[in-house]
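Below: one structure, written as structure tokens.
Every number in this text was worked out from the coordinates using simple rules, so none of it is lab data. These figures come from a predicted structure and were not determined experimentally. Please note: Cβ atoms are built from the backbone with ideal geometry, for glycine as well, and neighbour counts cover all protein chains shown.
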Amino acid sequence: MEQKKKKGLRIRSCLTGAIWLALVFSTVISALLFAFLNHFFNLPGSISVLGWLLIFNTLIAGLITSFINAKLLEPITRLSKAMKEVSQGDFEQHLETNSRIAEVGESYQSFNVMTKELRTTEVLQMDFVSNVSHEFKTPINAIEGYTMLLQGEELSPDQEEYVEKILFNTQRLSGLVGNI
């Protein structure tokens, strides 16, 4: 079955674009902020114009980068949390995204396929254990029942010892199967 390949942005392109956007935007905002503050508050001359621009640019670029990173990395954070839940045995996790980043969409799709397969495997495992334990219990119970019938008979001391051992071991096997 051939899957239709979705067109989307690559994460490297998104991060590069975000960095350039933050740089250009912060430079423009810094220049405007400097002009505004210098015009109305006459900034101290001990720091050069370039120094003020560098200070403003660093602060604004940091804020913009933090905002963009939060938006770009939020789907990855959601995926990480869901993976932790799956690692603790919660296979009911299902993720949806409307991210335009191709790698995020592919990761979410792969994650959903993985959890579906894990749920299926878990059901098969539970059915197998249930069937196997039932199939073992039936003959063990029959042996235990016949052995208990033998206990009421006149037996030699050696035969009584054998019957006790059979009974002990069938009860032990029955307990092991019950624990499965």
*Please work out the FRET efficiency for the pair residue 136 and residue 165, using the Cβ-Cβ distance as r and a Förster radius of 22 Å; give the result to the nearest 0.05.*
0.70
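Sequence gap at least 6, Cα distance under 8 Å: using those rules, report the relative contact order of the chain to the nearest whole percent. Mind showing how you got there, number by number?
Numbers: 99 pairs, mean separation 35.7, N = 180.
Averaging sequence separation for qualifying contacts and normalising by length gives 20 percent for the chain.
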_FRET efficiency, 1/(1 + (r/R0)^6) with R0 22 Å, evaluated for residue 83 and residue 13 via beta carbons_ = 0.30
*How long is the gain from residue 24 to residue 153 if the chain were fully straight, where each residue apart is worth 0.36 nm and the alpha carbon distance is subtracted?*
36.6 nm
*asked:* Can you tell me the length gained on complete extension of the stretch residue 71 to residue 124, counting 0.36 nm per residue apart and subtracting the Cα distance?
replied: 15.1 nm
*Only Cα pairs under 8 Å and at least 6 apart count here; give the relative contact order of segment 11-90 as a rounded whole percent.*
39 percent
